[in-house]
Every structure is written in C-alpha cells, then in structure tokens.
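**Q** Here it is, the structure, as structure tokens.
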Amino acid sequence: MNAALARFAFVIDTLNEWVGRAVAWLTLATVVLMFVMVVLRYGFDWNSIALQESVIYLHALVFMAGIAYTLRHDEHVRVDIFYRQFSPRRKAVVNLLGTLFLLLPACVFILAESWEYVANSWSLLEGSRQTGGLPLTFLLKSFIPLMAVLLILQGLAQSAHALRVLRGVEVPSPQTDEGDRL
C-alpha cells in the first residue's frame, strides 16, 4: 500500500512538475509579446487587438496551468502564523484535512460548474468579441476544467504524501518542514 501511494504521488508530482516547467516558458513569451506590443504602439503607432488578447491568454494560461505546480511546491497562499511551528506530523494532518475538506470540494465544484460553460463555448467555437481578436476563446476556457483536474490530482498526491508522513514511511521535504516564508 505504501509503495502504491508513493508511486501514485510520484507520477502526479512528475506530471505537474513537467506542466509547471513548460508553462513557465509562457511567462517569457508574455514578456516578449508585451515588449513587442509596446514598441509597436508607441514606436510605430500601430496596435493589434489579437496581440493584446494573446498577452491576456498567456497570462491566464500561466495561472491556470501553473496552479497545481505551485501547490506541488507548497508555495500557495496560506497563513503560516501557526502552521510553520507545527511538527511534520501535525502539518501532514493539516494538509490532509485541508485537501480533503477544502481543496477537493472546491475543485470538484469548479469542474462541475465549468463543464457546461466550456461545452457551450466549444459548440459555438467561441472567439473574441472584438473585431480582429483571437478566435480561440473556447480553447482558453478549456483550461478551467483542466486546471481543476490538475489541482485534484495534485491534491490527491499531496494527500498521499501526508498519509505516508502520518504512517512514518516518508520524511517531509525540508522546504515544507522549515516553514520559513518571505
């Protein structure tokens, strides 16, 4: 059972690590596009709605696809006033309960509520409302349920890690054990 939990957590951690690292390159693309957009607008008095929307799309993709990576590295927003002083075992209990009673229900809700919204967008092949905008709004909206699925998977992996810590077969990483946050 412990080996199966470890393998499951490893596979999910690897998936979200890969997704997070790939998405990180989108931040570079966002900066480059923003630079090009500013140069074109102020240097050549030329503007493009599609270019503006591409920056917005990339920004949204970075957040939606990178959120599970952030959870994997325990860099999400949390009030650490008490948590940082907890023992590794107590942190595992907080992480397990937080995942089971807060994260997973919220993700299931997002997944359920976004499904029809995204399906309607796909049925219309929804595009930008702006003339000259990107015809890809349906693809952007598809990242909402994908975000929920990646978060659910990472939450399950985090739960597996917490269970292994509670069973005494896994030592928490120093990053999550120290609790020093800037």
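**Q** Which one of these does L61 not meet: (1) modelled with pLDDT under 85; (2) crowded, with 18+ Cβ neighbours inside 10 Å?
**A** It fails just one condition, (1).
**Q** Next up: For the range 39-47, check the following and say yes or no: at least one residue is assigned to a helix (DSSP H, G or I), farther than 27 Å from K141 by Cα and acidic (D, E).
**A** Checking the range 39-47: not a single residue is assigned to a helix (DSSP H, G or I), farther than 27 Å from K141 by Cα and acidic (D, E).
**Q** Something else now. Looking at (1) of a type outside the set (A, V, I, L, M, F, W, C); (2) in contact (Cβ under 8 Å) with a residue 60 or more places away in the chain; (3) surrounded by 14 or more Cβ atoms within 10 Å (Cβ to Cβ), which is the one condition that is false for R89?
**A** Condition (3) is where R89 drops out.
**Q** Give the range 95-121 a look and list any residue that's under 17 Å from the mean Cα position of the chain (by Cα) and β-branched (V, I, T), or say none.
**A** If the condition is that a residue be under 17 Å from the mean Cα position of the chain (by Cα) and β-branched (V, I, T), then T99, V108, I110 are the ones that fit.
**Q** Give the number of residues within the range 31-55 that are surrounded by 13 or more Cβ atoms within 10 Å (Cβ to Cβ) and without any contact (Cβ under 8 Å) to a residue 40 or more places away in the chain.
**A** Selection size over the range 31-55: 9.
**Q** Go through (1) more than 23 Å from M147 (Cβ to Cβ); (2) surrounded by fewer than 14 Cβ atoms within 10 Å (Cβ to Cβ) one by one and return the number of the condition L28 breaks.
**A** L28 satisfies all of (1) more than 23 Å from M147 (Cβ to Cβ); (2) surrounded by fewer than 14 Cβ atoms within 10 Å (Cβ to Cβ) except (1).
**Q** Oh, and also: For the range 114-145, which positions are touching a residue at least 40 places away in the same chain (Cβ under 8 Å), assigned to a helix (DSSP H, G or I) and surrounded by fewer than 18 Cβ atoms within 10 Å (Cβ to Cβ)?
**A** Scanning the range 114-145 gives no hits.
**Q** Could you list, in sequence order, the residues of the range 1-25 that are hydrophobic (A, V, I, L, M, F, W, C) and surrounded by fewer than 17 Cβ atoms within 10 Å (Cβ to Cβ)?
**A** Result: M1, A3, A4, A6, F8, F10, V11, W18, A22, A24, W25.
**Q** Go through the range 64-86 and report how many residues are charged (D, E, K, R), surrounded by 16 or more Cβ atoms within 10 Å (Cβ to Cβ) and part of a helix (DSSP H, G or I).
**A** 1
**Q** Filter the range 91-113 for residues that are polar (S, T, N, Q) and either under 14 Å from I152 (Cβ atoms) or not in a helix (DSSP H, G or I) (or both) and give the result.
**A** T99
**Q** A further question follows. For the range 64-86, how many residues are of a type in the set (S, T, N, Q) and closer than 13 Å to N16 by Cβ?
**A** Residues flagged as of a type in the set (S, T, N, Q) and closer than 13 Å to N16 by Cβ within the range 64-86 amount to 1.
The values are calculated or read from the model by the stated rules, or taken from the named source; none is laboratory data. Predicted, not measured: the structure shown is a model, and the values here were computed from it. Backbone-built Cβ (ideal geometry, glycine too); neighbour counts: all protein chains shown.
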